Amino acid sequence: MNNSLHQRLRKMREREQDRGLTLIEILISMTISLVLGAVLVAALITSLNVAGATSDTLKTAVDVRLISSYLARDAQGAAGTDPRTVTNESRALASVLADDWGDCAQAGSLVARFAWVDHITVSLQRTITVTWALDGTTLTRNYCVDGAAKPPLILGRTIVSASAVCLPTADCSGTPSSIEMTVTGRSQKSDYTTKLSASLRPRGQDFPTEASASTVSLLALGDSGTAAPCTNVALSTAKAVVLGDAVIANECGATSLTPDPADIAHPKDGVTSLTGNLLDPLSSLPTPSDTCGSGSNLALGSDGTYSPGTYPQRLTISSTDGTVTLNPGNYVFCNGLEIGSGASVSSSGGVLLYVKDGTLSIRPDSSVELTAASSGDQRNVLVWVATKQTVSIGTGDHITRLGGTIYAPKSAVVFNGSSNAAAINVGALVAATVAVSTSGSAPVRQLAPVSTVPIIRFGPIPTMSISPSELTSAVIGQPYSAPLSVIGDGASQLVNPRWSATGLSPFAINSVTGEITGTPECALSLTPRVRVVDDTGLAVSADYSLLVLSDLALSDPGDFVRGTKELTATLTDTCGGAGTSVSIQYWLEGGDTDVNGDPVWSTMCTLSVAPFQCSWVTTDTAKYTNGASYSLRAIATLSNSTAAESEIIEGVTIDNGYPLVTLSGPGTTPLRGTVTLVADASDNESGVARVRFEVSPKDLGAWMEICNETEPYDPANQSQYLCEWDTTVFVPAERGTQSYDIRAVVSDRAGNGAIDYLNNKSVNNNSASVSIVSPGAYVRGTVALSVNTYVPSPATVTSVLIQIRPTGGSWTDICTDTAEPWGCSWNTAGLTNNATYQLRAFMSDSRAVPPAESATVSTIVDNSVVYGADVQAANGSKLSYDSRKAIWATKSLRLGRLDQNKTDARNKPLTYDRILFSFSKQLDPSSIIAGWTGSSRTVWIRLRDKGVSGNYSTKNDTLDVCTTWASGATCAAVANLGWVKFALDTVAGGKTAIFESTISHQVVSGKSVITVGAVLKKYNDAKSTNLAVIVWTPSANARDTLGNGCSTQPAAETGTNDKDF
């Protein structure tokens, strides 16, 4: 054998995680007699086929017996060699080529050559080369160790011929599966030919894997200090499942494995071997370094983690420590380690637990999942117990998973199971003795995961877990379903898995499908543990939290609140569940959110006894901001877990400010007939709800309501409220002059109020009066004019003259009416478009007195061809996930706010809030946006506080549409749609908010309708919209298809007043 091959054969074997020891390492560490050892080799997966001669000849030919035994032995030795130490292509392990002697030449002609690495210990190895040669009629076997020949062995002296070939390739190239030797010998009667074959083991030259029979996952070395008869592996009533081989010392005889070798199952390739003279194959591993002595243990971190290092005192991990995580590295326990019942321990990476002294105990009903390191001197060793002791490893309803080798060569390892035990998974085990016991009486041994006896599985532990990681909540009285499944590499390896669970009542789990079902009747907080175990012992478990929710409702305080507001949460029956409490929480909209963008809620109050009522003190300025909007919810907890959550009430605005009101209008005194009172009222928080006009005889305080107005008189100026007061009802002509106090009482939507007075106004209806009723801020076409008249009885009105003039111009007559109702039709055609005109009336009565003259009324004449016909704000809808019913449902977006496009899984929109502009004719879309054809495109909605250029009060915020915008909230170009004015505050004071949107154009019945959809992907600073009408002022730049310009006359929202968006 050349030097490079020699060096390669001497390379150290590398071991893969969780794969135990190779069988050749165990075999080579035995003391085997030369001849009888062949029988043991054959028992450990070596095939021997003999053919070609009569059975009488085979029985009497000693030569054939020796040849067959040593052929099997040498073939098995070569087959078991780790191929990574040999890279001499096809002739490294076996050869039949004439001159391929390696480093073990001898006299004669080469028949066959074998080579392998003999591992005496992990760190001590030698190269073995065996050559077979025929020298004359003598067949000789030469055995060389590191090139040094031992005394040759004569296998036959009467051999006429001997030759060998490999299969499937005769010259042993590639990966040979077997070697076939043909021997012709000479007996006393006649020559005979014998054909012998020896297996080189299928995939024998492959690296050992989970499927290879050379993997040893369970090795019981025996206890040399125990007198026979003794038991090295005692399974009690449990079942051991070994992936690979189990090798058990048998110095004590047949009782070394009880009750029966059949109790060790091998679901894949592998055998159970009972043999003697076993040596510890890991004895030369470097011992972990330690600094044992006096001192204190490392403390458990605040995050529930332990760090690697030396622990001088015995370390006990208990259930009170919570969930404990071991950080990656080596842990040295100078006086032992105990993981107590109820404790939960896992590793965040590869660890080594070196128990130098003291005992190691993992108590039943603990939760332990650990993984060994895959690198370093002690790689793949998870637990190393240095002293002779009893190591206790327990399991309960949680699956104990130890991913690595438990190395306790001097110790008795005992696996314990509690009454609800399921399984233990161990990567590999090297121990003196192994025992499996149970607590209490155990049922008949079985593989199914329903007994009190654990299944112990030795072999590689694949990654696997139960999905999903969290269970959705259930709702009282509603059927519940939660399908579970196993994911990860181990999912495909499961054989006939069986599901079970503890702590799940009143629900149940299907043992075959893993589906959790049930219909709960009470609010509960469950912590079930689910596990799945298959026929091979492969197992995994998961801890869950399952809440059964009550129906919880929170009273809606309305859109606006002030002072102290009582809130009430109503909770359905919890079946007397102890510890039920209800918290009412609030969130400042637009305030703090967590990393997921969800609101950070604050607790207003926590209540433990029904009725669950809480006083919301909105005047507490340390917690709440006047004028700000809040979201409210109620949370019910049961046993410290959320049992119910109410629907969130959004957009509740605090309004502890007072509205403003100024009363004016009756003119000069004495007042007579019907007079107009004007109240200019506003509120910057919730908005004006109503204005009451009241009168009282002077200084009496006996107030009588004369008007109750909930809408402003002029939609274009929503701060003015008008009242027509017929003074004749209170002061008839015969009463002469009377004095009255007048007041306007304004209330906002939160209930705050303000009053303004006009005191000591004299009223005398003994003289005539006339007033013209305003036709409105804008007029077009033919307009009906109306006049109010009064004359003292018994006089009568004889005629009314109505006149008009442009502002600053001359008066001209419109009409003279001589009969009630007083008024006439006014045709505005031919007048200057978009000009302001004044109207007045003169009344003549039956007395010989001059005509009475009215005050003037102003209006704008607008006879444009194109004008704004209507503006409407429409509320969108979204898909909302109802976790209680586990369904998606279409739900309208909350009225009263411009809703954002939320794209997370539980708030997927279908349509968005939008605003529709209706024109009187069909428009040319390019007059709205240059080059626009009317198809859907992106624009931006701009909301601005305090109107456009300060035209209106702070409450009348405005909206327009930008076609392009720069950084921040700068609108670079504006669409020719004009602007919309809201009745209330829609955006925070002094701010401008821009929202991404879409615009589209449709023609309906020959008239243009332009829709702007509030997609809102950029900003969302809107607070809430109005509860009254909105007013749209179109742009004069909009034109119809003939080029006619558009009127700028404001168009008020038609229909019933409502919340917009």
Quiz prompt | Pairwise label distance in nanometres, THR621 with THR258, each label 7 Å out on the Cα-Cβ vector | solution = 8.6 nm
Practice problem: Figure the gain on full extension for THR856 and GLU711 (residue separation times 0.36 nm, minus the Cα-Cα span) and round it to one decimal in nm. | Solution: 49.8 nm
Practice problem: At 7 Å along the Cα-to-beta-carbon direction for both SER926 and THR970, put a label point, then send me their distance in nm to one decimal. | Solution: 3.0 nm
Exercise. Can you pull a Stokes-Einstein diffusion coefficient for the range 550-654 at 37 °C (0.692 mPa s), Rh from Kirkwood over Cα pairs, as a whole number of µm²/s?
Key: 231 µm²/s
Quiz item: At a Förster distance of 25 Å, what's the computed FRET efficiency of THR737 paired with MET704, Cβ-Cβ distance as r, to 0.05?
Solution: 0.85
Exercise. Compare the peptides 807-814, 281-288, 416-423 by average per-residue count of other Cβ atoms within 10 angstrom and give them in order, highest first.
Key: 416-423, 281-288, 807-814
Exercise. Note the full-extension length gain between THR728 and VAL160 as 0.36 nm times their separation in residues minus their Cα-Cα distance, in nm to one decimal.
Key: 189.4 nm
Quiz item: Which chymotrypsin sites (Phe, Trp or Tyr not before Pro) from the range 346-442 combine a DSSP loop assignment with at most 12 other Cβ atoms within 10 Å?
Solution: none
Quiz item: Going by a ≥ b ≥ c, the root eigenvalues of the Cα gyration tensor, does the range 305-428 fall in the rounded group (a/c under 1.5), the prolate group (a/b larger than b/c) or the oblate group?
Solution: rounded
Exercise. List every residue whose amide H lies under 5 Å from the amide H of ASN380, counting only residues 5 or more places away in sequence or on a different chain, with H placed 1.01 Å from N in the peptide plane.
Key: ALA373, SER374, SER375
Quiz item: Taking the range 465-548 as the region of interest, what is the percent of Cα-Cα pairs per 10 angstrom bin, listed from the shortest bin to the one with the maximum distance?
Solution: 18, 52, 23, 7
Self-check item: Relative packing of peptides 144-151, 645-652, 179-186 - highest average C-beta neighbours within 10 Å first
Solution: 179-186, 645-652, 144-151
Quiz prompt | For GLN389, distant residues with modelled amide H under 5 Å away | solution = SER411, ALA412
Quiz item: Rounded to a whole number, what is D in µm²/s for the range 769-861 from Stokes-Einstein with the Kirkwood radius over alpha-carbon pairs (10 °C, 1.306 mPa s)?
Solution: 117 µm²/s
Quiz prompt | Two-site FRET efficiency, ASP489 against SER1005, from Cβ-Cβ distance with R₀ of 60 Å, rounded to 0.05 | solution = 0.35
Quiz item: For SER294 and THR998, what does the FRET efficiency come to when R0 = 56 Å and r is the distance between their Cβ atoms, rounded to the nearest 0.05?
Solution: 0.15
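A short reminder: the numbers here are calculations on the coordinates, not readings from a lab. Just so it is clear, the structure is predicted and the values come from calculations on it, not from any experiment. Note that we place each Cβ from the backbone using ideal geometry, even for glycine, and neighbour counts take in every protein chain shown.
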